[in-house]
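The values are calculated or read from the model by the stated rules, or taken from the named source; none is laboratory data. As the structure is a prediction and not an experimental result, all values here were calculated from the model. Here the Cβ positions follow ideal geometry from the backbone for every residue, glycine too, while neighbour counts run over all protein chains shown. Just the protein is used for accessible areas: all its heavy atoms, side chains included, with ligands, DNA and RNA removed. Shrake-Rupley method; radii C 1.70, N 1.55, O 1.52, S 1.80 Å.
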Amino acid sequence: LLRIMRAYRMLYVTPSGTIWRELALLVYTMVTLVMVAGGIFHIIEEDVIPTFDQGIYFVVVTITTVGYGDLSPQTVGGRMAVCLFILIAIILVPMRINVVVEKLSIRSRFAGSYRATTKKHVVVTGLFDHVSLQTLLEEFFHRHHSLTECAVCVLGKSYPDKDMQLLLEGPLAAERAQYLHGSPTNVSDLRRALVGEASAVFMLTDKSTLDQDVKEVDAHNILATLSLRQINATIPIYVQALSTGAVPVFRDVGATSVICIPELKMQMLAASCHTLGLHTLVTNLLTSNARLDSDLHAPEVWLQEYA
């Protein structure tokens, strides 16, 4: 039993949340359930099930609801153990199977190619979360930008989580954005996103990245920018960088415009110390979505943003 439990460590070889991890968990659950239950029934019903292999046979026949009837518990303890085993099996096994089916459905849903719904589309890729994507989509689809007829193809390295799926299925992105699972460093995935026909590419990054992972994230986006430039030599590529040292590298590999997020924050902080309210002024000029606090009752609407 301890050796079976130790096999759980092998699951760490596969990435968390992937279809292979879920399949491995399903197999591990089934094997553990059969082996443990077979040993227990062999101990409780030693007269009816004299060997361990017969115990495994009895468990498999029971869990698959075949029930040949050649082996059956004769004691009260054995019958109670069978009832408990059946309850555990009908709870654990369907749960693991449902997770695998869900992963397979998500994989098939986001594994196709971009279906053009408008004449123009842009590609959003990189390493990002649902908050970064929502901020971009809210600004991109704002009515003041006249971009409502331009669609968005999101190329993500991982399958969307629950928050990302809610965003993609919401009113903001349901009809105008399509998510594809793939890597921006893979040429075949870029072709699935129709990068050669896109109007622009936005390379986002996760602003909550830990300090020790900054270089790795920037290196990934540099390779992605290089791959994008090889597919389309003229497409505008707008990149977010996490370190100042990566900015010239992004430009060398073909990025059209590069914004270093920490550098921009420090410059705005320093300028705001000299000129009070400058940060709010610049933010209002750069963004189109205003979220005002309803609890504030200033005589002028614009004062609510500065009060």
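Quick check on my filter: what residues within the range 7-26 are surrounded by fewer than 12 Cβ atoms within 10 Å (Cβ to Cβ) and either at pLDDT 75 or above or part of a helix (DSSP H, G or I) (or both)?
Once the filter is applied, which keeps residues that are surrounded by fewer than 12 Cβ atoms within 10 Å (Cβ to Cβ) and either at pLDDT 75 or above or part of a helix (DSSP H, G or I) (or both), the range 7-26 yields Arg9, Met10, Tyr12, Val13.
Can you find even one residue in the range 145-157 that is of a type outside the set (Val, Ile, Thr), part of a helix (DSSP H, G or I) and touching a helix residue (DSSP H, G or I) at 6+ places or on another chain (Cβ under 8 Å)? Write out each step before concluding.
Residues of the range 145-157 of a type outside the set (Val, Ile, Thr): 145-147, 149-151, 153, 155-157.
Those still in the list that are part of a helix (DSSP H, G or I) too: 145.
Now drop any that are not touching a helix residue (DSSP H, G or I) at 6+ places or on another chain (Cβ under 8 Å), which leaves 145.
Scanning the range 145-157 turns up at least one residue that is of a type outside the set (Val, Ile, Thr), part of a helix (DSSP H, G or I) and touching a helix residue (DSSP H, G or I) at 6+ places or on another chain (Cβ under 8 Å).
Working only within the range 260-275, note down all residues that are surrounded by 14 or more Cβ atoms within 10 Å (Cβ to Cβ) and either in contact (Cβ under 8 Å) with a residue 60 or more places away in the chain or not in a helix (DSSP H, G or I) (or both).
Matches in the range 260-275: Cys260 only.
Within the set of pairs 6+ apart or on separate chains, which have a first residue in the range 133-162 that is open to solvent by 60 Å² or more (accessible area, probe 1.4 Å), a second that is part of a strand (DSSP E or B), and C-beta atoms under 8 Å apart?
Glu149/Lys120; Lys157/Leu127; Lys157/His181; Ser158/His181; Tyr159/His181
Would you mind stating whether Leu167 is of a type outside the set (D, E, K, R), open to solvent by less than 10 Å² (accessible area, probe 1.4 Å) and without any contact (Cβ under 8 Å) to a residue 60 or more places away in the chain?
Working: of a type outside the set (D, E, K, R): yes; open to solvent by less than 10 Å² (accessible area, probe 1.4 Å): no; without any contact (Cβ under 8 Å) to a residue 60 or more places away in the chain: yes.
Answer is no for this residue.
Tally up the residues in the range 276-307 that are open to solvent by 60 Å² or more (accessible area, probe 1.4 Å), modelled with pLDDT of 75 or more and over 24 Å from His142 (Cα atoms), please.
1
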